[in-house]
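Presented below is the structure to which this report refers.
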Amino acid sequence: PARAPAQLRDRRRDRGKLAVCHTGPAGARFAADHGDLYAGGREIFGGTVAGYCAGYGDMKIGLICEESQAVTIAFRAKGHEAYSVDIVKCSGGHPEWHIQKDAREVLEDYWDMIIAFPPCTRLCVSGARWFKKYIAEQKAAADFFMLFANHKCPKIGIENPIGIMSRLYRKPDQIIQPYQFGHKEQKATCLWLKGLPKLIPTKNVRAEMMALPERERERVHYLPPSLNRGALRSKTYQGIAAAMADQWG
């Protein structure tokens with residue numbers, strides 16, 4: 001859908017703010033923290049910080065339930081106006097790109113693309129033994145998932161492990177593995193897509209991965225109990241985040 005003139009003016013204003021950000025201390029910190037991604041952005045946009053800002057992408061992207069900011073940072077490196085949205089503080093180091101709110105409060109904002117990572121604890125098959133104990137919580141989780149499945153945004157991606165949404169909603173469009181994107185680990189991840197193509201694997205290292213011990217191949221599964229275990233398990237692999245930004249941005 002076409003943007004209203006007022007929205008276009010707002011975007012030009014925000015582009016100016018981005019230029020200030022990337023030419024000041026924050027820009028230096030971004031380049032230091034995310035050198036590989038930033039180098040790609042500079043290459044695309046003319047090899048300079050000024051060129052990077054001038055080539056600022058034309059999409060406003062909401063990364064829902066992404067406190068890690070892995071995908072947010074990858075899209076920012078391509079010049080897009082990407083924001084992580086979560087009820088908790090971000091851990092990715094860029095609070096200026098984080099909206100700390102319930103996602104339902106921002107869903108009616110204008111978004112060119114939404115990529116959602118809804119909580120999966122009550123939806124994934126690994127927790128099947130607890131399903132009967134948490135019927136109400138499971139329904140709430142499924143309803144939250146469907147907010148994105150039914151959203152009017154023209155480009156939507158929903159990420160979740162293998163679970164009951166394949167039955168309650170529909171089969172995913174794609175199931176990806178970290179080893180398809182350069183990581184010697186396995187963790188099946190489902191993608192439900194609208195207006196977005198399937199991700200093309202960028203570096204398949206399955207053969208190398210299979211030579212590793214099981215605990216290394218399934219590192220995430222074997223993470224010890226901790227207060228942040230859920231956040232660590234849900235963080236998007238950098239190779240997958242980069243593929244999303246490259247192929248969807």
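Reported count of residues in the range 176-216, each being touching a strand residue (DSSP E or B) at 6+ places or on another chain (Cβ under 6 Å) and either at positive phi or without any contact (Cβ under 8 Å) to a residue 12 or more places away in the chain (or both), is 1. Screening the range 146-249 for helices (runs of 4 or more DSSP H) wholly inside it with 2 or more residues that are farther than 18 Å from Cys65 by Cβ and charged (D, E, K, R) returns the ranges 206-210, 214-217.
Scanning the range 71-124 for residues that are acidic (Asp, Glu) and either in contact with a Phe, Trp or Tyr (Cβ under 9 Å, 6 or more places away or on another chain) or surrounded by 20 or more Cβ atoms within 10 Å (Cβ to Cβ) (or both) yields Glu81, Asp86. Among the residues of the range 100-135 satisfying the criterion of being assigned to a helix (DSSP H, G or I) and of a type in the set (A, V, I, L, M, F, W, C), which is modelled with the highest pLDDT? Among those residues, the one meeting the criterion is Ala103. When residues in the range 80-96 are screened for being in contact (Cβ under 8 Å) with a residue 12 or more places away in the chain and more than 14 Å from the chain's Cα centre (by Cα), 6 of them pass.
If I go through the range 78-99 residue by residue, how many of them are part of a helix (DSSP H, G or I) and at pLDDT below 95?
0
The values are calculated or read from the model by the stated rules, or taken from the named source; none is laboratory data. Nothing here was measured: the structure is a model prediction, and the numbers come from that model. Here the Cβ is made from the backbone with ideal geometry for all residues, glycine too, and neighbour counts use every protein chain on show.
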